[in-house]
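Colleague: Let me begin by handing over the structure; questions about it come next.
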Amino acid sequence: RPLCAMDWQVLTRELSLYLESQVRVGFFGSGVGLSLVLGFGVAYACYYLNSIAKKPQLVASNDRFCRFLEEYCPVVTETYYPTIWCWEGRVQTLLRPFITSRPQVQYRNELIKTADGGQISLDWFDNNDSSYYPDANTRPTVLLLPGLTGTSKESYILHMIHQSETLGYRCVVFNNRGIAGEELLTPRTYCAANTEDLEAVIHHVHSLHPSAPFMAAGVSMGGMLLLNYLGKTGRDTPLMAAAIFSAGWNVFESVESLEKPLNWLLFNYYLTTCLQSSISRHRQMLEKLFDMDLVMKARTVREFDKQFTSVMFGYRSIDDYYEDASPCRKLKSVGIPVLCLNSVDDVFSPAHAIPVETAKQNANVALVLTSCGGHIGFLEGIWPRKCTYMDRVFKQFVQAVFEHGNKIFSM
């Protein structure tokens, strides 16, 4: 029969007495064991509340932008409580893909042609059931840019779409060339510095819905690409605003951090194999221009970029490519409101490389820096299956821009 409330009380009391007796027996009949457990728990809780759970640092030179965020995106001023059992940056980075849920999203795929004869795969979430914006012509649109080897199937992209769906918005995911299952029609893929494909996608989406409010959000390399585009175009863009998450600000510092022994073991080697896997399917096409055997021998991201990426896009050296790909060098030229979220314990973007002083020189830029969160981690709650801190920042900022953006566009 089902247990009633009285049964649960009795069972809980007996279980507590049993556990207490076992702890005492295990420590030679004394209460030392229970005292140690309780003492450790109290000490850990104090350490967590004093050193781990903190309000993020909000960096912005524009008082109006700050007030706008405080009023319409208050999450950036609230204490961030990382998951108490996995707050360390590397752990958050590693666990997020396995812990977080994967909301179901039905996409409509579109392949668009590029000027050089290639093609780009776009995955649309039209949200035609939107009750807030039933008119597709004026339904707000969010362009999403995944990370280095990411696609529309990444859990963080699915969560952004889920958040947008509840607000009635439409989303379109920009998949970089050759990684979303489509054929590579030319011997060219993508990189963080070349914005031609992104420019084509933004123009295409805007031409389809010219009356719809339009903004973008980029994650990791997607955020770097978006920042480099914004630094190039200034105010000359149909985007109203942008959100950037876990961007690598200085590529030289990022690869140096990733080449430290532990980081190489946990992240660099795996990321390199992912890059190699993403191009191996197109080997026949790419062999026309590259020594693919040499590319496949790379054991670090730097080696891969030296043999493949920098060569593909015509850079004289890998240093020239990394300098051009670093968004910190273009931040002064950003001409629309941009919110950038980073964690200072992100090994992909070291804290000392985050351009705090440069951000203070551009009234359009706001940085939100958390003490924990790792790279695209930002887990919170005891069992962080659903919404993360990053997801909440995304939702509140996108809603703030679409519904109250007129209050910052006069900055």
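Colleague: Once ligands and nucleic acids are excluded and a 1.4 Å probe is used, how much of HIS352 is accessible, expressed in Å² to the nearest 10?
Modeller: Solvent-accessible area, nearest 10 Å²: 140 Å².
Colleague: Quick one: grab the alpha carbon gyration tensor of region 195-256, order the square roots of its eigenvalues as a ≥ b ≥ c, and give me rounded if a/c is under 1.5, else prolate or oblate depending on whether a/b is larger than b/c.
Modeller: Details: a/c = 2.53, a/b = 2.23, b/c = 1.14.
It comes out prolate by the Cα gyration axes.
Colleague: Give me Rg over Rh for the chain, both radii from the alpha carbons and Rh done the Kirkwood way, two decimal places. Working shown, then result.
Modeller: Working: Rg = 23.9 Å, Rh = 23.0 Å.
Rg divided by Rh gives 1.04.
Colleague: With a ≥ b ≥ c the root eigenvalues of the C-alpha gyration tensor of region 27-116, is it rounded (a/c under 1.5), prolate (a/b larger than b/c) or oblate? Numbers along the way, then the final one.
Modeller: Values: a/c = 3.69, a/b = 1.66, b/c = 2.22.
Oblate shape, in that a/c is at least 1.5 and b/c is the bigger or equal ratio.
Colleague: Select from region 324-411 those chymotrypsin sites (Phe, Trp or Tyr not before Pro) which occupy a DSSP coil region and have at most 15 other Cβ atoms within 10 Å, ordered by residue number. The partial results should precede the final answer.
Modeller: Values: sites: PHE348, PHE378, TYR389, PHE394, PHE397, PHE402, PHE409; in loops: PHE348, PHE378, PHE409.
Those satisfying the criteria are PHE409.
Colleague: Let me ask something else about it. Working from the pairwise distances between different alpha carbons, so that the mean of 1/r is found and then inverted, what is region 251-325's Kirkwood radius in Å?
Modeller: Values: mean 1/r = 0.0785 Å⁻¹.
Over region 251-325, the inverse of the mean reciprocal pair distance is 12.7 Å.
Colleague: Still on this structure: What whole-number distance in Å separates the alpha-carbon centres of region 77-117 and region 355-411?
Modeller: Distance between centres, Cα-based: 14 Å.
Colleague: Now a separate question. Over the chain, with the other protein chains present, what is the accessible area per residue in square angstrom, probe 1.4 angstrom?
Modeller: Numbers: 18790 Å² over 411 residues.
Counting only protein heavy atoms, the per-residue value for the chain is 46 Å².
Colleague: With helices defined as uninterrupted DSSP H runs, which ones in the chain have an alpha carbon span along their own long axis of at least 30 Å and mean Kyte-Doolittle hydropathy of at least -1.0?
Modeller: Working: long enough: 5-26 (31 Å, 0.00).
Answer set is 5-26.
Colleague: Report Rg/Rh for region 97-216, rounded to two decimals, where Rg is the Cα radius of gyration and Rh the Kirkwood radius. Mind showing how you got there, number by number?
Modeller: Numbers: Rg = 14.4 Å, Rh = 14.9 Å.
Ratio value, two decimals: 0.97.
Colleague: For every helix of n ≥ 4 consecutive DSSP H residues, a contribution of -39,500 (n - 2.57) applies; sum these over the chain, divide by its total residues, and give [θ] at 222 nm rounded to the nearest 500 deg cm²/dmol. All intermediate terms of the calculation are to be shown ahead of the outcome.
Modeller: Numbers: 15 runs with 158 residues, N = 411.
The helix contribution divided over the chain gives -11500 deg cm²/dmol.
Colleague: Which of MET160, TYR47, VAL334 sits closest to the plus end of the dipole of the chain, meaning its Cα is farthest towards the positive end, when Lys and Arg get +1 and Asp and Glu get -1 on the C-beta?
Modeller: About the Cα centre, the residue reaching furthest to the positive side is TYR47.
Colleague: Is region 285-326 rounded, prolate or oblate when judged by the Cα gyration tensor, a ≥ b ≥ c being the square roots of its eigenvalues, rounded requiring a/c under 1.5 and prolate requiring a/b larger than b/c? Can you show the working numbers first?
Modeller: Details: a/c = 2.85, a/b = 1.45, b/c = 1.96.
The shape class here is oblate.
Colleague: To continue, here is another question. How high is the relative contact order of the chain, given as a whole-number percent (alpha carbon pairs under 8 Å, six or more residues apart)? Numbers along the way, then the final one.
Modeller: On the way: 744 pairs, mean separation 94.8, N = 411.
About 23 percent, as a whole number.
Colleague: If amide H atoms are built 1.01 Å from N in the plane of the peptide, which residues on other chains or at least 5 residues away come under 5 Å of the amide H of HIS209?
Modeller: none
Colleague: Considering only protein heavy atoms and a 1.4 Å probe, what is the carbon-and-sulfur percentage of the accessible area of the chain? Intermediate values should be presented prior to the final figure.
Modeller: On the way: 10470 of 18790 Å².
Whole-percent figure for carbon plus sulfur exposure: 56.
Colleague: What is the percent of Cα-Cα separations in region 29-177 that go past 20 Å?
Modeller: Details: 7586 of 11026 pairs.
The answer is 69 percent, as a whole percent.
Colleague: A further question on this structure: Return the percentage of antiparallel bridges among DSSP beta bridges fully within the chain, rounded to the nearest 5 %.
Modeller: Values: 16 of 39 bridges.
Roughly 40 percent of the beta bridges in the chain run antiparallel, per DSSP.
Colleague: Continuing with this model, one more query. Given the peptides 58-64, 156-162, 77-83, arrange them by the average over their residues of other C-beta atoms within 10 Å, most packed first.
Modeller: Numbers: 58-64: 16.0, 156-162: 23.3, 77-83: 17.6.
Sorting 58-64, 156-162, 77-83 by mean packing, highest first, produces 156-162, 77-83, 58-64.
The values are calculated or read from the model by the stated rules, or taken from the named source; none is laboratory data. A quick note: this is a predicted structure, and the numbers were derived from the prediction, not measured. Heads up, the Cβs are rebuilt from the backbone with ideal geometry, glycines too, and the neighbour counts pull from every protein chain shown. Please note that ligands, DNA and RNA were not included when accessible areas were found on the heavy atoms of the full protein model with its side chains. Shrake-Rupley method; radii C 1.70, N 1.55, O 1.52, S 1.80 Å.
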